[in-house]
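Chemist: This is the structure I have questions about; it appears just below.
Derivation of every value follows stated rules applied to the coordinates shown; laboratory data play no part. Just so you know, these numbers come straight off a predicted model, no measurement behind them. Ideal geometry is used to build each Cβ from the backbone, glycine not excepted, and the neighbour counts take in all protein chains shown.
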Amino acid sequence: MTRQFHEQLTTLQQHVVQMGQLASTNLVEGVRSLADLDMALADRVIKRDGDINRLDVEIERDALELLARNQPMATDLRTLGAILKMITYLDRIGRYGYDIARAAQAMKGKEHVRKLVAIPHMAELASAMLNDALKAFETRNEKLARGVFPRDEVVDAFNDQVFRECITYMIEDARNISTCAYYILVSRHLERAADNAMKIAEKTLYMITGERRLKL
Amino acid sequence: MEPDAIEADGLQAYYGKTHALKTINLRIPPRQVTAIIGPSGCGKSTFLRCLNRMNDTIPGFRVEGSVHIGDADIYAKGVDVVALRRDVGMVFQKPNPFPKSIRDNVLFGPRLHRHLSRREQDELLESSLRRAALWDEVKDRLGADAFSLSGGQQQRLCIARALAVNPRILLMDEPASALDPIATSKIEDLIRELREQLTVVIVTHNMQQAARISDQTAYFYLGELVEFGPTNQIFENPRDPRTEAYVTGRFG
């Protein structure tokens, strides 16, 4: 009975990691579809969002079933508590990828104001944060989870930078306004994605140590 | 702050050569529910029974160290064990009503200790049955045989009987393990209510039950007290890996 529960819990953790990998891919490819204005890639990202969504529903269902059937305690309880919150964060990250791919579709036939640099870099930073948080979750690595926290500020700083830059382009030439409005939105999505990656690291830390990290 | 209700210091217990409790230091706070959990044979029932000297009559049993209840060392010479058990009541795994009426069961203890007028008896009967959440179910048949009650009702009758002598502490040894889920939930509700009036110490094999009803939890293993702390901590984030292994079922 207990052995079966622990096997099911391990399987569920693997599903969370799979969901996380899909969300991470969606973020990176969403931005790539925008940077390259690659409509086929944008389509794939949009389709993948449905898979992420399905995993969210399935993992939640399975986690609740494990809770109801086994009334787990201690680290098992914390793992299920962490999973139930993490899948919401992962679903949102996947959704940001979707939103960015939609922005790419909206820019079909247009040109970039300038080659995108900061935005792809933000996507790399956010997905690296997410990948480390997932790795920490998978391997119960406290140090790796803690290492994610300070990196959120870097993404925040890039978001501010993109915003200022876009304002400059919009002042320079009113024809840049609609494209720059997309950049500002996309940059904001990436900033939020990094935030959610940090929350996943927080839940991972809670799962490992029981420590609840408060915002200062 | 109120002084601890029960204070065990360096308590050792032996059944002949078997060392059943090893240097137990435990302070049980008053007017709270303290649960004792642990695998079979870990010493939890032995510990509970040490708190009102129920082990005394077992041949070869002896204790070292001390147990204080209030200010009194209950293992000191000259302690009146009958008075101790009036102060520290006990409820067992299997309901054990006397083969008497409901009324006589409840009033059995008080009548031993003092003379009561008919009115005092009626009042005590009603208040004890009410405290045990049984009054409404039996008020019209107080003269009926206790064995005519269901198992859950019999257990609440035993609790009413224990409460009738107005103890400060109630010890419960797996009080719901022989009951169905509905009777169990009534007993659990009752325990939560009783903590406002007295100190409850409960031994249970059912971890979820300990998690539901207790304020403090003690984990015993191989005669040792491994961990004692607030119940939410013991079940959410235990400090000792042995407790962790037990509560998550990764045991042995």
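Chemist: What does the net charge come to around residue A:66 if you take all other residues with beta carbon closer than 14 Å to its beta carbon, with K and R at +1 and D and E at -1?
Modeler: Around residue A:66, the charge tally is -2.
Chemist: Taking only Cα atoms, what is the 0 to 90° angle, nearest 10, from helix B:181-194's long axis to the longest principal axis of chain B?
Modeler: 90 degrees
Chemist: Cα-based Rg (one decimal) and Dmax (whole number) for region A:35-132, in Å?
Modeler: In Å, with Rg to one decimal and Dmax whole: 17.8, 56.
Chemist: Report relative contact order for chain A in percent, whole number only (criteria: Cα-Cα under 8 Å, sequence separation at least 6).
Modeler: 27 percent
Chemist: If you take the beta carbon distance between residue B:115 and residue B:240 as r and set R0 to 51 Å, what does 1/(1 + (r/R0)^6) give as a FRET efficiency, to the nearest 0.05?
Modeler: The computed FRET efficiency comes out at 0.50.
Chemist: Can you list the equivalent-ellipsoid semi-axes of the protein assembly as shown, largest first and in whole Å, using the square root of 5 times each Cα gyration tensor eigenvalue?
Modeler: Semi-axes (√(5λ), whole Å): 64, 23, 19.
Chemist: Which three extents, in whole angstrom, do the alpha-carbon atoms of region B:121-217 cover along their principal axes, largest first?
Modeler: So the three principal-axis extents are 39, 28, 17 Å.
Chemist: From the C-alpha gyration tensor of region A:14-61, pull out the three semi-axes of the equivalent ellipsoid (sqrt of 5λ each), sorted largest to smallest, in whole Å.
Modeler: One finds semi-axes of 23, 10, 5 Å for region A:14-61.
Chemist: Treat chain A as a sphere of radius equal to its Kirkwood radius over Cα pairs and apply Stokes-Einstein at 25 °C in a medium of 0.890 mPa s; give the translational diffusion coefficient in µm²/s, rounded to a whole number.
Modeler: Reported coefficient: 137 µm²/s.
Chemist: Let me ask you something else. Tell me, what is the percent relative contact order of chain B, built from C-alpha pairs under 8 Å that lie six or more residues apart?
Modeler: The value is 28 percent.
Chemist: Under a straight-distance cross-link criterion of Cα-Cα below 29 Å, which lysines are reachable from residue B:100, leaving out those fewer than 8 residues away in the same chain?
Modeler: Reachable lysines: B:139, B:186.
Chemist: In chain B, what percentage of the DSSP-assigned beta bridges are antiparallel, given to the nearest 5?
Modeler: 60 percent
Chemist: Another one. Extending each Cα 7 Å along its Cβ direction at residue B:150 and residue B:71, get the distance between those two points in nm, one decimal.
Modeler: 4.7 nm
Chemist: Still on this model: Give me log10 I(q)/I(0) at q = 0.08 Å⁻¹ for chain B, Debye formula, one equal scatterer per alpha-carbon, no solvent.
Modeler: At q = 0.08 Å⁻¹ the computed log10 ratios are -0.31.
Chemist: Considering every Cα-Cα pair within region A:157-216, what fraction, in whole percent, is farther apart than 13 Å?
Modeler: 67 percent
Chemist: Would you mind calculating the gained length between residue A:18 and residue A:38 on full extension (0.36 nm times residue separation, minus the Cα-Cα distance), in nm to one decimal?
Modeler: Computed gain between residue A:18 and residue A:38 is 4.7 nm.
Chemist: Return the Rg/Rh value of region A:88-166, two decimal places, where both radii are evaluated on C-alpha atoms and Rh is the Kirkwood radius.
Modeler: 1.05
Chemist: Determine the sum of side-chain charges near residue B:94: Lys and Arg each +1, Asp and Glu each -1, restricted to other residues whose C-beta is under 11 angstrom from that of residue B:94.
Modeler: Every neighbour counted, the sum reads -2.
Chemist: Out of region A:86-183, which trypsin sites (Lys or Arg not before Pro) are coil in DSSP terms and have no more than 14 other C-beta atoms within 10 Å?
Modeler: A:108, A:110, A:114, A:115
Chemist: If you don't mind, another one. Please give the length that would be gained between residue A:105 and residue A:172 if that part of the chain were fully extended, namely 0.36 nm times their separation in residues minus their C-alpha to C-alpha distance (nm, one decimal).
Modeler: Taking residue A:105 through residue A:172 to full extension adds about 21.6 nm, to one decimal.
Chemist: Need one number: % antiparallel among DSSP beta bridges in the protein assembly as shown, to the nearest 5.
Modeler: Given both bridge residues lie in the protein assembly as shown, the antiparallel proportion sits at roughly 60 percent.
Chemist: What is region B:30-179's relative contact order, in percent, from Cα pairs under 8 angstrom and six or more apart in sequence?
Modeler: 32 percent
Chemist: Which net charge results when you count Lys and Arg as +1 and Asp and Glu as -1 among the other residues whose beta-carbon is under 14 Å from that of residue A:209?
Modeler: Overall, the nearby charge balance is +3.
Chemist: Give me the one-decimal nm value for the distance between modelled label points at residue B:56 and residue B:233, 7 Å along each residue's Cα-to-Cβ direction.
Modeler: 3.5 nm
Chemist: Further question on the same structure: Can you list the lysines whose alpha carbon sits under 29 Å from that of residue A:110, skipping same-chain ones fewer than 8 residues off?
Modeler: A:47
Chemist: Relative to the present Cα-Cα distance, how much length would full extension add between residue B:130 and residue B:23 at 0.36 nm per residue of separation?
Modeler: Net length gain for the segment: 34.6 nm.
Chemist: Label-point separation (nm) for residue A:117 and residue B:123, each offset 7 Å from Cα along Cα-to-Cβ?
Modeler: About 9.1 nm, to one decimal.
Chemist: Turning to a different aspect of this structure: Sort largest first and round to whole Å: the equivalent ellipsoid semi-axes of region B:7-157, each the square root of five times a Cα gyration tensor eigenvalue.
Modeler: 33, 18, 15
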